[in-house]
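Each remark here refers to the structure printed beneath this line.
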Amino acid sequence: MPNRPIYITTPIYYVNDRPHIGHSYTTVAADTLARFHRLAGREAFFLTGSDEHGAKISEAAEAAGMEPQAFCDSIVVHFKDTWKTLGIEENDFIRTTDPRHLEAVTKILTKLKAAKTPDGEDVIYASQYEGLYCIGCEKYLTEKELEDGVCPYHKTKPKLVSENNWFFRLSAYLPEIKRLVETEELLILPIERRKEVLGLIEQCPPDFSISREKVSWGIPVPFDPKQSAYVWVDALSNYISAIGYGADEQLFQKWWRDAETVHLMAKDILKFHCLFWPAMLLAIGEKLPEKIFLHGFFTVDGQKMSKTLGNQIDPNELVSHYGTDASRYLLLTQYPFGVDGDIQVARFTEKYNSDLANELGNLLSRVVKMIERQFDSKLPGPHKGLASTQDLLELAEDAADRAYGEIKHFRIQGAIEVAQALIKKANQFFDHSAPWKAIKEDRLAEAGGVLYICCEVLRVVSILLYPVLPSKMIELREVLGEGSDSLNLDSAREFFCLKPGAPVRLSEPLFPRIQEAFEPSGMKKAEAGKVSDDGLIDISDFGKVKLKVAEILSAEKVEGADKLLKLQISLGKEKRQIIAGVAEFYSAEELVGKQIIVVTNLKPAKIRGIESQGMLLAAKKGKKLTLVSPTGEIPVGASVG
């Protein structure tokens, strides 16, 4: 079915604390995807929400001196307000304390109680269980999953719990789930996560508990009121309770059974979404989600986010510093969506100024100011015979299809890069065409033609970047005299759409330059390696950097990245792999055998999902870059400094 509706969900977030950028990252990504699909003419339903039951919530409420429901109410408002601050426009916000959710979960549990497995056994059964339970994860852990006796995520020792529970017969559904994953009827992305799921299935995971005997804050099990629905069974059901399961058949048919269903989440909840949830749906006879996309973890300045380190960033502070749209942009452009990455706070302002203020904002400002001065604030018409337009027009012609192609594969950063490439090309076209010279030489029609082309590119860009920068792109369109009626990909596929003579005015910069660095209030400044006020570092800090001579053994391009090369290097006694952004300046062939200087004690980082174990040194000025290399015969592995 062409242009089927699409249903996009985030995980529902635990309300034991206020939202941070980890929550914001997934939610902004989901909002961006939904907006992009709507540009393509598809109906999109975007769901997010809050997970409000379980022992962890009960304990947090008790610590705050509040009843659980009142505690949840007080935290949920922060999530809703933060999503509004970030320009997130969900179609629905589901709470697991909503009456509609309670009714849906009750119906699901009742169906599970009556259901039989493919070989005729009861789907759920009562049994006693004893195991190690992590309250932070709200799940049982095995000894193998512990690190030094504690939960690897929460660094706390799990409790030994023994209780009577109801269990789901997972083993009965694993063969069918395996088949669906292998045939991609249940498409799990990225491919590394799919392999992980198939690996889990091969380990034959045990049946899982769907109820808790000793947790009172939850949904009562209808056939055993002394038990509460296990938080994961409760939480997973939100995806169908929000769209009418058991209550609104027409709504449920449209958005679950007929739509393309997409779940987004971080990879730490893979097992529950890729095994438990599909098994439950098979048991109650419902369609499975079509796609589950599990993005990677991110660190902040190389460290895992935690309260202890004080590096949890409040998204509201980010918005206060950069604005709503720019904050969305900065979150989505730190690294490719799907892989593990590092958010470098110190580079936020640099990224903002480079991409938004300099490239996009400056192009708009230069073009509009010239139209205001030379054409009485009215858009000039196109001009035949302009030089150097072919490359720009070709790039613009298929930009919409290339960007949407990236989105359909969840490559959000790739879609943004399509727009950025167009902006960069337009800046080059403007500089090369030099309309100011044409004006001085009384070639006004030619100058006007250059400005028209640039405005057309900006119009196309306003569509491509609208899902990421919705408010700012509406502002840009208003500058060009464009409304929202043509805000769609079909319009972006066309050129020469702007009407000559339309008013063009810019009262203030779209993205004013920002000088101040972003300093989140919650982040603790590390004393070691701290740069002094005068920008100088101590000799002891410099001494920590280990530099060595290396030889490049092989080089190859990184797929999907024009600027990156993957280098295999020798340090004498060891070999390493590094990713370097030098492909614009050196071919892979000319680097083989070359000696370079490498920082060897840099923490490994993942770039485009590929591990880089060091950094080479290079000097750059303008558009020229030269690798730093030793002169004379220096043995590989020799120390520098």
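The values are calculated or read from the model by the stated rules, or taken from the named source; none is laboratory data. Given the structure is predicted, the values throughout are model-derived calculations rather than measurements. So basically every Cβ, Gly included, is an ideal-geometry build from the backbone, and we count neighbours across all protein chains shown. Accessible surface is based on the protein model in full, side chains and every heavy atom, while ligands, DNA and RNA are left aside. Shrake-Rupley method; radii C 1.70, N 1.55, O 1.52, S 1.80 Å.
Structure notes:
- Here's the picture: charge each Lys and Arg Cβ at +1 and each Asp and Glu Cβ at -1 in the stretch 1-149, and of THR142, SER24, GLN69 the one pushed furthest to the positive end of that dipole is SER24.
- Put simply, the Cα atoms of the stretch 262-337 extend 49, 29, 21 Å along their principal axes, the longest span coming first.
- Cα long-axis angle, helix 191-202 against the chain (0 to 90 degrees, to the nearest 10): 20
- Excluding ligands, DNA and RNA, the accessible surface per residue across the chain is 46 Å² with a 1.4 Å probe.
- Segments 140-147, 583-590 sorted - mean Cβ within 10 Å per residue, highest first: 583-590, 140-147
- Degrees between helix 99-114 axis and first principal axis of the chain (Cα, 0 to 90, nearest 10): 60
- Size descriptor, Kirkwood hydrodynamic radius, that averages inverse alpha-carbon separations across the stretch 382-482, Å: 14.3
- Across the protein chains, with a 1.4 Å probe defining accessible surface, the residues LEU393, LEU464, LEU288 rank LEU393, LEU288, LEU464 from largest area downward.
- For the chain, DSSP calls about 70 percent of its internal beta bridges antiparallel.
- Spread over its residues, the convex hull of the C-alpha atoms of the stretch 133-242 is 146 Å³ per residue.
- Quarter the surface of the alpha carbon convex hull of the stretch 249-297 and you get the mean projected area, 3.5 square nanometres.
- Space enclosed by the convex hull of the alpha-carbon atoms of the stretch 64-213, per residue, Å³: 196
- Under the Debye formula (equal points on every Cα, no solvent term), log10 I(q)/I(0) of the stretch 391-445 at q = 0.12, 0.24, 0.29 Å⁻¹: -0.39, -0.86, -1.04
- Radius of gyration and maximum dimension Dmax of the stretch 286-372, Cα, Å: 17.4, 60
- Taking Cα atoms only, the orientation of helix 21-39 departs from the longest principal axis of the chain by about 70 degrees.
- Cα centroid separation - the stretch 77-121 against the stretch 128-203, whole Å: 21
- Magnitude of the charge dipole, the stretch 1-158, Cβ model with Lys/Arg +1 and Asp/Glu -1, debye to 20: 600
- Cα convex hull of the stretch 30-102, projected area averaged across orientations, nm²: 5.7
- Cα-based Rg of the stretch 167-303 normalised by 2.2 N^0.38 Å, two decimals: 1.12
- Size descriptors for the stretch 551-641 (Cα atoms only): Rg and Dmax, in that order, 12.6, 37 Å.
- What a 1.4 Å probe finds exposed on the stretch 209-319 is 53% carbon and sulfur by accessible area, rounded to a whole percent.
- Relative contact order (%) - the chain, alpha-carbon pairs under 8 angstrom, separation at least six: 12
- Pairs of alpha carbons in the stretch 597-641 whose separation is greater than 12 Å (percent): 71
- Net +/- balance of residues flanking PHE348 in space, Cβ distance below 12 Å, scoring K and R +1, D and E -1: -4
- For the chain, fraction of C-alpha pairs farther apart than 33 Å, in %: 55
- Placing unit charges on the Cβ atoms only, positive for Lys and Arg and negative for Asp and Glu, gives the stretch 1-49 a dipole magnitude near 160 debye about its Cα centre.
- If only the Cβ of Lys and Arg carry +1 and only the Cβ of Asp and Glu carry -1, the dipole of the chain around its Cα centre is close to 1120 debye.
- 10 °C / 1.306 mPa s Stokes-Einstein diffusion coefficient of the stretch 362-425, Kirkwood radius on C-alpha pairs, µm²/s: 115
- Whole-percent carbon and sulfur share, accessible surface of the stretch 26-126, 1.4 Å: 50
- Per-selection Rg to Rh, the stretch 1-46 - Cα, Kirkwood hydrodynamic radius: 1.10
- Taken over the stretch 144-205, the convex hull of the Cα atoms encloses 128 Å³ per residue.
- Relative to its Kirkwood radius, the Cα radius of gyration of the stretch 314-458 gives an Rg/Rh of 1.05.
- By a 1.4 Å probe calculation restricted to protein chains, CYS497 has an accessible surface near 50 Å², given to the nearest 10.
- Dimensions (Å) - the stretch 195-267, Cα atoms, principal axes, largest first: 38, 36, 21
- Electrostatic tally near ILE94: other residues with Cβ closer than 13 Å to its Cβ, Lys and Arg +1, Asp and Glu -1, net -4.
- Accessible-area composition of the stretch 548-641, carbon plus sulfur, in percent [1.4 Å probe]: 50
- Cα centroid of the stretch 244-271 to Cα centroid of the stretch 420-496, whole Å: 39
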